[in-house]
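One structure is given here, and the rest of the page talks about it.
The values are calculated or read from the model by the stated rules, or taken from the named source; none is laboratory data. Please read these numbers as outputs of a predicted model, since none were measured by experiment. Here the Cβ is made from the backbone with ideal geometry for all residues, glycine too, and neighbour counts use every protein chain on show. Remember, those area values only see protein heavy atoms, side chains included, never the ligands or the DNA or RNA. Shrake-Rupley method; radii C 1.70, N 1.55, O 1.52, S 1.80 Å.
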Amino acid sequence: CNATLDANGDITVVVSDGTLTTTRTVHVVLDETAPAAPTVQHPADNALRVNADAVTVTGTAAAGSAVAVTGGRVAAGTVAAADGTFSLSVPLAHNAANALSVTATDPAGNASAATARTVTHDNVPPAVASVVPADAAVGIAADAAVTVTFGEVMRTTDPAAAFDLAANGNTVPVI
């Protein structure tokens, strides 16, 4: 038995028992087109700093395609639903920027371009580098501005960020 596939998608099968030969040709449609890169709804790129072991990645890809996410602590994968949606939990490398790469591979084995997202895992509390006015300062007005400098960039737009100022036993949220 011998089978060949040509560039037009024709498969020719030749079977011979040494005396007689039978040939049959069938036509198939070749899929050599990669699916579009997945669209990632969550997380937004560089918008997430978490103190969790994993992040949920959600989005859309070609229906039935295998969706893979690499770049975390462990690769993760799932299959996009009939409507193209996907959701999967991706374990993160601790105390590091996790450069995630999301791809879709169709049933024919064609892989999409990657969609990139960076999620930072951070479970180290921020250090206060300085406070103005300084400790033990005297003659400070009651409405004086207080400036706090941290040892790392603080993402004030992050919904998980919280800044409070305590003075004379009262805690006041800081915007």
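Before moving on, here are some points about what is shown:
- Viscosity 1.306 mPa s, 10 °C: Kirkwood-radius Stokes-Einstein D of region 1-90 over Cα pairs, µm²/s: 94
- Here the accessible area is traced with a 1.4 Å probe on the protein chains. For the chain, carbon and sulfur cover 56 percent of it.
- Protection proxy ranking for 101-110, 6-15, using the average of other Cβ atoms within 10 Å per residue and placing the highest first: 101-110, 6-15.
- Label-point separation, Asn2 to Ala127 (7 Å along Cα→Cβ), nm: 7.4
- Dipole-positive endmost among Ala3, Pro133, Gly18 within region 1-150 (Cβ charges, Cα centre): Pro133
- Volume of the convex hull of the chain (Cα atoms only), normalised per residue: 155 Å³.
- Distance between region 40-56 and region 81-124 - C-alpha centres, whole angstrom: 10
- Each residue of region 100-116 is assigned a 3J(HN,Hα), and the resulting list reads 7, 10, 10, 10, 10, 10, 6, x, 7, x, 7, 9, 7, 5, 8, 10, 9 Hz, derived from the Karplus form 6.51 cos²θ - 1.76 cosθ + 1.60 (θ = phi - 60°), x at Gly and Pro.
- Extended-chain gain in nm, criterion 0.36 nm per residue less alpha-carbon gap, Ala142 and Asp31: 32.7 nm
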